[in-house]
1. Which condition does ALA123 not pass, out of (1) touching a residue at least 24 places away in the same chain (Cβ under 8 Å); (2) not in a loop (DSSP other than H, G, I, E, B), if it passes all the others?
2. Please pick out the residue among SER59, SER78 that is more than 13 Å from the ligand (Cβ to nearest atom) and either over 14 Å from GLN143 (Cβ atoms) or not in a loop (DSSP other than H, G, I, E, B) (or both).
3. Hey, any hits in segment 110-122 for a residue that's among the small types (Gly, Ala, Ser) and near the ligand (Cβ under 9 Å from one of its atoms)?
4. Report yes if some residue within segment 59-82 is under 24 Å from THR30 (Cβ atoms) and surrounded by fewer than 24 Cβ atoms within 10 Å (Cβ to Cβ); otherwise report no.
5. Taking the condition within 11 Å of the ligand (Cβ to nearest atom), touching a strand residue (DSSP E or B) at 6+ places or on another chain (Cβ under 9 Å), modelled with pLDDT of 95 or more and closer than 21 Å to LEU226 by Cβ, does PHE87 pass?
6. Would you check which residues across segment 104-149 are hydroxyl-bearing (Ser, Thr, Tyr), modelled with pLDDT of 95 or more and either closer than 15 Å to ILE77 by Cα or over 17 Å from the mean Cα position of the chain (by Cα) (or both) and list them?
7. Condition first: within 14 Å of the ligand (Cβ to nearest atom), in a helix (DSSP H, G or I), at pLDDT below 95 and touching a Pro at 6+ places or on another chain (Cβ under 7 Å). Can you find one or more residues in segment 208-226 that meet it?
8. Can you tell me how many residues within segment 85-115 are touching a residue at least 60 places away in the same chain (Cβ under 8 Å), buried (at least 24 other Cβ atoms within 10 Å of the Cβ) and in a helix (DSSP H, G or I)?
Amino acid sequence: MNTETTESSLPRTINEASELYRTRIRIGYTKTCDCPPNHLNCMTAKEWVKSQVGVRQFSYEGRDIRDKNLHPATFPISLARRMIELFTHVGELVVDPFVGSGTTLVAAQDLNRNAVGFDLQEAYIKLCQERLSSNNFFNQAQQLAIQDDALHIDHYLEPETVKLIWTSPPYANLLNRKRKNKSRRGVERKNEQFGKVEQYSQDPRDLGTMPLEEYATAMGDIYERLLPLLQPKGHCVINVPDMWWENERITIHVALIEELRKRGYELRNTIIWDRTNIVNGIGIFGWPSNYITMGTTFEYLLDFWRPPD
Ligand SMILES: C[S@@+](CC[C@H](N)C(=O)[O-])C[C@H]1O[C@@H](n2cnc3c(N)ncnc32)[C@H](O)[C@@H]1O
């Protein structure tokens with residue numbers, strides 16, 4: 001099916017039962033600001049200088065979803081906002097292939113950017129909808145949440161319309177086990193997450209069910225199909241940590257860099273998300289003989305782009 005829909009007829013969410021399922025959507029993607037054509041974003045020189053720092057902290061705010069029962073793994077709105085400000089102008093189009101609770105869409109709404117997010121789970125798409133319903137007055141762009149496998153995003157969008165692909169994907173199957181809360185101290189260890197499996201679903205399409213190698217290939221397949229949608233020199237930023245599994249460091253970021261390079265992306269920057277301001281009550285690891293850094297204290301923001309033609 002390839003019928004076009006008009007902007008006014010589009011609901012904010014599209015689910016698998018909808019008649020709009022897997023059709024091209026019409027959504028704005030050109031900048032509406034009057035920045036010069038060679039500018040990457042709307043930042044002033046002063047703001048640009050601040051953004052050059054490669055290690056950054058971000059804080060959660062009142063509107064952030066911190067309730068693990070609603071969604072187990074959200075990033076802060078302030079982080080999504082910073083990525084969108086860095087790599088887009090007002091009016092341009094952002095895609096989040098693994099949108100979860102819709103944090104990217106909320107940030108896009110704040111910043112007047114068009115955005116589309118995808119997720120397998122109907123409950124998360126509904127959560128996106130709820131969060132978007134408090135639309136701000138200045139938002140003239142559109143933000144949509146679509147229930148579908150990220151593998152099918154190319155059915156919905158025209159080539160070379162996307163300015164930024166930004167997401168935090170599942171971390172292979174590393175969360176698909178009962179939580180032992182080893183990183184927590186004292187009473188914190190037996191908190192309400194203890195013993196729970198904080199995985200999004202057991203759907204075989206869910207990247208959070210896959211062992212690392214299979215996961216890297218599945219991510220490669222998704223991102224290969226996303227590449228033609230991206231404008232040349234458009235950025236693609238992926239937020240991932242590395243993790244410990246049975247005393248072995250699982251380097252998810254290395255697997256993704258290698259895979260995306262194979263699929264035509266070029267790595268531009270590695271930014272470190274310093275999380276020391278949001279983790280507390282850390283347990284002791286490895287002392288006195290086995291040095292182990294706390295994985296929860298930082299994550300990678302891997303910044304790729306589609307190389308210029
Ligand atoms: C780390 S979460 C994203 C959280 C999001 N950044 C937020 O702040 O809420 C990853 C999401 O990917 C979704 N997911 C897993 N496999 C998928 C697939 N093949 N296609 C689309 N979404 C998928 C999961 O349901 C989950 O919500």
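The values are calculated or read from the model by the stated rules, or taken from the named source; none is laboratory data. Please read all numbers here as calculations on a predicted model, not as lab measurements. Using ideal geometry, Cβ is built from the backbone for each residue, glycine included, and neighbour counts are taken over all protein chains shown.
1. (1)
2. Values: SER78 fails: more than 13 Å from the ligand (Cβ to nearest atom).
Criteria check complete, one pass: SER59.
3. So far as segment 110-122 goes, yes, one or more of its residues are among the small types (Gly, Ala, Ser) and near the ligand (Cβ under 9 Å from one of its atoms).
4. Residues of segment 59-82 that are under 24 Å from THR30 (Cβ atoms), as a first pass: 80-82.
Subsequent filtering for residues that are surrounded by fewer than 24 Cβ atoms within 10 Å (Cβ to Cβ) retains 81-82.
The answer is yes, given that some residue of segment 59-82 is under 24 Å from THR30 (Cβ atoms) and surrounded by fewer than 24 Cβ atoms within 10 Å (Cβ to Cβ).
5. On the way: within 11 Å of the ligand (Cβ to nearest atom): no; touching a strand residue (DSSP E or B) at 6+ places or on another chain (Cβ under 9 Å): yes; modelled with pLDDT of 95 or more: yes; closer than 21 Å to LEU226 by Cβ: yes.
So PHE87 does not fit the description; no.
6. Initially, segment 104-149 is screened for residues hydroxyl-bearing (Ser, Thr, Tyr), giving 104, 124, 133-134.
Remaining after also requiring modelled with pLDDT of 95 or more: 104, 124.
Result: THR104, single match.
7. Yes, some residue in segment 208-226 is within 14 Å of the ligand (Cβ to nearest atom), in a helix (DSSP H, G or I), at pLDDT below 95 and touching a Pro at 6+ places or on another chain (Cβ under 7 Å).
8. Matching residues across segment 85-115 total 1.
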